[in-house]
Amino acid sequence: MKKTLIFLLLASIQFVNSQELALVKKNSKIGYISKDGSFKIEPQYKSARSFSDGLAAVENGGKWGFIDSKGSWVIPADFKDAKDFNNGIAVVQKDKEWVYIDKKGEIQKAPASEKLFDFNNGVAFIRQNNKVGLINNKMAVVLEPKYDQIKSFENGYARVELNKNWGIINTEGKEVVEPAYAEIGNYFKGTTWARKDKTFGLVSGGKFTPVDGAEKIWDFETQDLTFAKKNGKIGYIDLKGNWAILPIYDKGKAFSKNLAPVLVGKKWGFINPEGKFVIEPTYNDAEVFSTNGLAPVKESNWGFINESGKLIIPTQYGITTNAIIAMFVQQDKGFIDGVARVKNEGKWGFLKPDGTVLSNQWFENAELFSKSAEKPQPAATPVEAPKQETKTTKPAAKATAKPAAKKKK
C-alpha cells in the first residue's frame, strides 16, 4: 500500500511538472487556462506574457514581476519591463538599465556586452566591438566575440557570419561547418545546404557536394527530404543531394508524416516520398501535417484533413501562425501538442482533434500552450524554440539573434 501511495505521489508530481498553460484574454483581462479548458489563473492582469521556463512575466501597477503556475508571486513586480525566462535567466529592465536575473530575482554579473540578449539553448550572445560571442547561464564566456553575426540557435546549432562568409557552430562555440559559404542552411543530421559562389549544394563531413541544377534549397526539417528549385520548379532532394522527386511542382512545403504539400497550377495537394499524389490537388492552400496526423487545408477558410485526405474539421476557421516556433519540433500552423489555435468570428479558441472547441470557450486573444513548470535539463541541451533577441537599443545590422526566416515556396 505504501509503495502504491509513493508511486501515485511521484506520478502526480510528474503530471504537475509537465502541465501546460495558455495565456488567454477575457473581458480585457489576461489569465491562464490548462489543457482541460479550466482557468488555473483567473483573468486579472492587464499585461502578461506566456509561461516560459516555469514562470510568467506579468505587470502589476506599472511594474513587471514573475508568477508561478498557481499565480503566486515568485519575483515581485519591481521592474520597468521583463522578458521571458530561459535556461534559468531572464532579461529585465531595472530603472533605466537592462540586467540579467536568476529565478531568485538576483541580478547576475555578466561579461561586458554592448547589449543584452535572451538565453536560448543554454547560451546567450555577447557583443563587443561589433563582434559576437557566447556566454552560458553561469555568466562564463563560452566563445570570445569573433563573429560578425550569429543567428539564433536551432536544435543546438547556429549559423555564423565571418567576413561575409557563413558557417555553423554548436552551443560550445565549436565550428561544425567552417565559415566558407555565401549562404548556409540549418544543421540537420550532420548536413546542411549551402551556396558556394553561385552553386547550391550540401555540406557533410566538411565536404561540399553540388546539387545538380539547384537554384535554391530550403532547410531540412523533420524528414530526410527537403524541397529545392530547379528551372523555376520545385522538387525534393535527399541528404546526399540526389533529386528524389523531380522538380515539376509550382510550389512545395516540407515533408511530415511522409506527406508534403505541393502546388500544381492553382491547387494544393499532398505527395508521398515517391512523388505520387496521396491527396489530389483540390485546395487553395495547405500546410504540413502535425504529429497527430492532421493538416490544415484551405478552401475559403481553413479546416483539417487526415492522412487519407478525409476532411475531419470543416473549413471554417482562421489558423494561427508563429514564426518563432521551432520548426524542427513543432509546426507553426495547425495542431501543436494536441490542440490547434484557431480564430472564428473575431474570437480565438483551441480546437481538439475531434473538432470540438476546448471547454467551448472563445477569447479576445489566446497564445500557444507552454510549460508552466521547469523541467531539469542540462544547460546547453536544445529543448525550446528559438526566441528573438532582447532589444535594449535598436539592433545593429550585424549581430542579430533573430532566427533565419523559413521561406516556403
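Figures for the structure shown
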| item | result |
| --- | --- |
| Tally of residues being under 20 Å from TRP166 (Cβ atoms) and either among the acidic types (Asp, Glu) or buried (at least 19 other Cβ atoms within 10 Å of the Cβ) (or both) across region 127-141 | 4 |
| Scope region 97-128; condition in contact with a Ser or Thr (Cβ under 9 Å, 6 or more places away or on another chain), closer than 18 Å to THR171 by Cβ and among the polar types (S, T, N, Q); matching residues | ASN120, ASN121 |
| Test for VAL142: is it in contact with a Ser or Thr (Cβ under 9 Å, 6 or more places away or on another chain), touching a residue at least 40 places away in the same chain (Cβ under 8 Å), assigned to a strand (DSSP E or B) and farther than 21 Å from GLN19 by Cβ | no |
| Scan of region 54-87 for residues that are part of a loop (DSSP other than H, G, I, E, B), in contact (Cβ under 8 Å) with a residue 60 or more places away in the chain and not charged (D, E, K, R), ordered by number | GLY54, SER69, ASN87 |
| Strands (runs of 3 or more DSSP E) lying entirely in region 175-239 (those with 1 or more residues that are more than 28 Å from LEU143 (Cβ to Cβ) and in contact (Cβ under 8 Å) with a residue 24 or more places away in the chain) | 199-204, 207-210, 225-230, 233-238 |
| Any strands (runs of 3 or more DSSP E) falling wholly within region 258-347 and containing at least 3 residues that are modelled with pLDDT of 95 or more, crowded, with 19+ Cβ neighbours inside 10 Å and not aromatic (Phe, Trp, Tyr) | 260-264, 295-298, 339-344 |
| Search result, residues across region 255-277 that are farther than 20 Å from TRP243 by Cβ and of a type in the set (A, V, I, L, M, F, W, C) | TRP268 |
| Residues satisfying the stated conditions in region 31-80, i.e. within 17 Å of VAL92 (Cβ to Cβ), among the acidic types (Asp, Glu) and surrounded by fewer than 16 Cβ atoms within 10 Å (Cβ to Cβ) | ASP78 |
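Here's the yes/no breakdown for (1) in contact with a Phe, Trp or Tyr (Cβ under 7 Å, 6 or more places away or on another chain); (2) modelled with pLDDT of 95 or more; (3) surrounded by fewer than 21 Cβ atoms within 10 Å (Cβ to Cβ):
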site: SER152; (1), (2), (3): no, yes, no
site: GLY156; (1), (2), (3): no, yes, yes
site: VAL160; (1), (2), (3): yes, yes, no
site: LYS164; (1), (2), (3): no, yes, yes
site: GLU178; (1), (2), (3): no, yes, yes
site: GLU183; (1), (2), (3): yes, yes, yes
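The values are calculated or read from the model by the stated rules, or taken from the named source; none is laboratory data. As the structure is a computational prediction, the values presented were derived from the model and not from experiment. Neighbour counts are summed over all protein chains in view; Cβ atoms, including those assigned to glycine, are modelled from backbone coordinates with ideal geometry.
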